[in-house]
1. Bin width 10 Å, origin at 0, all Cα-Cα pairs of the chain: what percent of pairs per bin?
2. Taking only DSSP H segments of four or more residues, each worth -39500 (n - 2.57), what value at 222 nm results for the chain once the sum is divided by all its residues, to the nearest 500 deg cm²/dmol?
3. Can you give the FRET efficiency for Leu19 and Arg77, using 1/(1 + (r/R0)^6), R0 = 25 Å, r = Cβ-Cβ distance, to the nearest 0.05?
4. With helices defined as uninterrupted DSSP H runs, which ones in the chain have an alpha carbon span along their own long axis of at least 30 Å and mean Kyte-Doolittle hydropathy of at least 0.0?
5. Packing-wise, with mean Cβ within 10 Å as the measure, how do 15-25, 45-55 rank, highest first?
6. Please state, to two decimals, what the Cα-based radius of gyration of region 1-41 comes to when divided by 2.2 N^0.38 Å (N = residues).
Amino acid sequence: MLDLALPLLLTGLATGLSLIVAIGAQNAYVLRTGLARSHVTAVVGICIGADVLLILAGVAGVGSLVARMPDALTALRT
């Protein structure tokens, strides 16, 4: 059982670290603005709003796709 759990644990850890360590343009801008202490609340608020809208659009898009083509869910799982 432990032989199977360790690779899964390491895969999850590596995936999580890759998401945290990767600094994209948005994160770099927020960090730069925070360090400059210039309009931090506005920048963070806009970034949160944009992230929420993009996540909702992605979820709605996949939900719409799966509702129209149920076989797409099988394809997305693989």
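1. Binned Cα distances yield the sequence 15, 24, 30, 23, 8, 0.
2. One gets -29000 deg cm²/dmol as the mean residue ellipticity at 222 nm.
3. Values: r = 20 Å, r/R0 = 0.82.
For Leu19 and Arg77, the calculated efficiency is 0.75.
4. 40-68
5. Highest mean packing first, the order is 45-55, 15-25.
6. Working it through for region 1-41, the quotient is 1.87.
Since every read-out is calculated from the coordinates, none of them should be taken as a lab result. Bear in mind the structure is a predicted one, so any value in this text is a computation, not a measurement. Positions of Cβ are generated from backbone atoms using ideal geometry, with glycine treated the same way; all protein chains shown enter the neighbour counts.
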